[in-house]
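Below: the structure, in structure tokens.
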């Protein structure tokens with residue numbers, strides 16, 4: 001079984017997902033807008049530019065997303081997209097790009113007992129993120145008892 005992250009945006013889906021693809025090395029797949037719907041009954045409420053569905057390949061994972069009509073949109077809560085950069089410089093680069101103009105930073109980049117570098121924030125698009133670079137601490141991990 002595979003799981004897929006599905007993100008909802010308030011009218012800026014294509015901008016957000018393009019930013020994520022550029023920052024994380026993802027590849028945008030299909031993008032289907034309201035304007036692409038074959039008839040009026042197949043559209044969601046809103047303008048032609050709104051994204052009904054799109055995909056981004058991110059390594060072995062797929063991230064899907066869409067815009068959500070204003071009346072149906074709710075602020076994301078209770079989850080975070082968690083990624084593990086392969087190096088400290090990569091962590092810092094990703095943090096700088098994703099946290100630029102962040103809505104909030106719950107935990108600024110810093111060392112924890114499990115990671116050399118960890119951060120939690122909500123980006124300017126409203127997506128909650130966790131970045132984790134274990135570094136040398138990964139070698140000290142023990143299997144759960």
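No lab work stands behind these numbers, since they all come straight from the coordinates. Here the structure is a predicted model, which is why all the values come from computation and not from measurement. Positions of Cβ are backbone-derived with ideal geometry, glycine not excepted, and every protein chain shown enters the neighbour counts.
Among 82-89, 37-44, how do they line up by average Cβ neighbours within 10 Å per residue, starting with the highest?
Peptide ranking by packing, descending: 82-89, 37-44.
Report the semi-axes of the equivalent ellipsoid for the stretch 1-65 in whole Å, largest first, where each axis is √(5λ) for an eigenvalue λ of the Cα gyration tensor.
23, 13, 9
Between residue 37 and residue 96, what is the label-to-label distance in nm when each label sits 7 Å out along the Cα-to-Cβ direction?
For the pair residue 37/residue 96, the computed spacing is 4.2 nm.
Between the helical axis of 88-99 and the dominant principal axis of the chain, each derived from Cα atoms, what acute angle in degrees is found, rounded to the nearest 10?
In the chain, helix 88-99 runs at an angle near 40 degrees to the longest axis.
Taking only DSSP H segments of four or more residues, each worth -39500 (n - 2.57), what value at 222 nm results for the chain once the sum is divided by all its residues, to the nearest 500 deg cm²/dmol?
-5000 deg cm²/dmol
Against the longest principal axis of the chain, how steep is helix 13-24, in degrees 0 to 90 to the nearest 10, with axes from Cα atoms?
Relative to the chain, helix 13-24 is tipped by roughly 30 degrees.
Can you give the FRET efficiency to the nearest 0.05 for residue 113 and residue 1, using r as the Cβ-Cβ distance and R₀ = 41 Å?
The calculated FRET efficiency here is 0.80.
Once you put a point 7 Å from the Cα of residue 57 and another 7 Å from the Cα of residue 105, both along the Cβ direction, what distance in nm separates them?
For the pair residue 57/residue 105, the computed spacing is 3.5 nm.
With log10 I(q)/I(0) by the Debye sum over Cα atoms at q = 0.10, 0.12, 0.18 Å⁻¹ in mind, check [x] -0.71, -0.82, -1.09; [y] -0.40, -0.56, -1.08; [z] -0.30, -0.44, -0.98 and report the label derived from this structure.
Recomputing log10 I(q)/I(0) by the Debye sum over Cα atoms at q = 0.10, 0.12, 0.18 Å⁻¹ here gives the entry labelled [y].
Computed FRET efficiency, Cβ-Cβ of residue 64 and residue 138, R0 35 Å: what is it to the nearest 0.05?
0.75
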